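A.B. asks: Take this structure, written in structure tokens, and hold onto it; I'll ask about it next.
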Amino acid sequence: MQGVSKIYDQEVLRVEHLTLTKGCIYGIIGPSGAGKSTLLRIINLLTRPDSGEVLYQGCPTPQNGPERLALQRKMSLVFQQTLLFKDSVWNNVAYGLKARGFPKAEIRERVNSLLEQVGLKKLASRGTDTLSGGEAQRVAIARAVAFEPELLLLDEPTANLDPGNIELIEEIITKLARQKKITVVMVTHNVFQARRIADQVIFINQGQIVESGATEQIFQNPQFDTTAAYISGRMVY
């Protein structure tokens, strides 16, 4: 991103410069209303910035048409509120592969492998309306990575889950990212979660990136008082 700005009633996001590196796990932290989800939606090309430029692999992103859609199909976005089809677990994970025209044998292999990895193989035929919150989120993540996207975007993926499911989903995200060499950008209010799984942390406040860098550098030696206050649990406005 270069000089990116987004305005609703007022400017909610301004990013002078942001570069994401392939294969890295990023944790985006900051108080509510800081602009984290807006940033995620601009990266995913769901929201258009009012100014500035978003580039992908060094090239400006298409403004519309099939080229923009083709680029979006290299990404996956998982929301805080799980959005699943009223169908079986297996069919939910297979959906993106079918839509992209993968061969049936490859779909079978990928879906079965992923369900094994996320611990849901025994629930493959179950309807999604019978799942717990943690199970449903694991299905959503498996579906999101089934076609091996270049970029996986996560918006508070564990916000409403118990500690056991949080730990399990963090392991799944980390393992899949490393195995598939997927770049992950995760918005989280949980600074401890960002510290556990992110390689790089981006701290946003009042619509601007205050500080970014290697995770341990940010947590052990923050360069700004606002960052230090936020990661120590104090109120930031």
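No value in this document is a laboratory result; all are computed from the given coordinates. This is a predicted model, so every value here is computed, not measured. As a convention, Cβ positions derive from the backbone with ideal geometry for all residues, glycine included, and neighbour counts pool all protein chains shown.
A.B. asks: Out of the chymotrypsin sites (Phe, Trp or Tyr not before Pro) in the stretch 39-144, which ones are loop residues according to DSSP with at most 13 other C-beta atoms within 10 Å?
C.D. replies: Filter output for the stretch 39-144: 85.
A.B. asks: List every residue whose amide H lies under 5 Å from the amide H of residue 211, counting only residues 5 or more places away in sequence or on a different chain, with H placed 1.01 Å from N in the peptide plane.
C.D. replies: 203
A.B. asks: Just want to confirm a number: the relative contact order over the chain, from Cα pairs under 8 angstrom separated by 6+ residues, in percent.
C.D. replies: This gives 29 percent for the chain.
A.B. asks: Additional query: Rounded to whole Å, give me the distance from the Cα center of the stretch 18-79 to that of the stretch 183-224.
C.D. replies: 17
A.B. asks: Sort 189, 17 so that the residue with the fewest other Cβ atoms within 10 Å of its own Cβ comes first and the one with the most comes last. Mind dumping the intermediate values first?
C.D. replies: Working: 189 13, 17 10.
So the residues, fewest neighbours to most, are 17, 189.
A.B. asks: Can you list residues whose amide H is under 5 Å from residue 50's amide H, if they're 5+ apart or on another chain and H is modeled 1.01 Å from N?
C.D. replies: For residue 50, the qualifying residues are 5, 6, 7.
A.B. asks: In the stretch 1-49, what trypsin sites (Lys or Arg not before Pro) fall in a loop by DSSP, with at most 10 other Cβ atoms inside 10 Å?
C.D. replies: Passing sites in the stretch 1-49 are 22.
A.B. asks: In whole Hz, what ³J(HN,Hα) sequence does the stretch 73-81 give by Karplus (6.51, -1.76, 1.60; θ = phi - 60°), x for Gly and Pro?
C.D. replies: The phi angles translate into 6, 8, 10, 10, 10, 10, 8, 4, 8 Hz.
A.B. asks: Have a look at the DSSP beta bridges in the stretch 2-231 and tell me what percent are antiparallel, nearest 5. Walk me through the numbers before you get to the answer.
C.D. replies: Numbers: 16 of 34 bridges.
Rounded to the nearest five, the antiparallel share is 45 percent.
A.B. asks: Go ahead and estimate [θ] at 222 nm for the chain from helices alone: -39,500 (n - 2.57) per DSSP H run with n ≥ 4, summed, over the residue count, rounded to 500.
C.D. replies: Taken over the chain, the calculation gives -11500 deg cm²/dmol.
A.B. asks: Over the chain, how many pairs of lysines fall under 17 Å by alpha carbon, counting only those 8 or more apart in sequence or from different chains?
C.D. replies: Lysine pairs, 8 or more places apart or on different chains, close enough: 9.
A.B. asks: Going toward the positive end of the dipole of the stretch 1-97, with +1 on Lys and Arg Cβ and -1 on Asp and Glu Cβ, which of 38, 77, 49 do you reach last?
C.D. replies: Result: 77.
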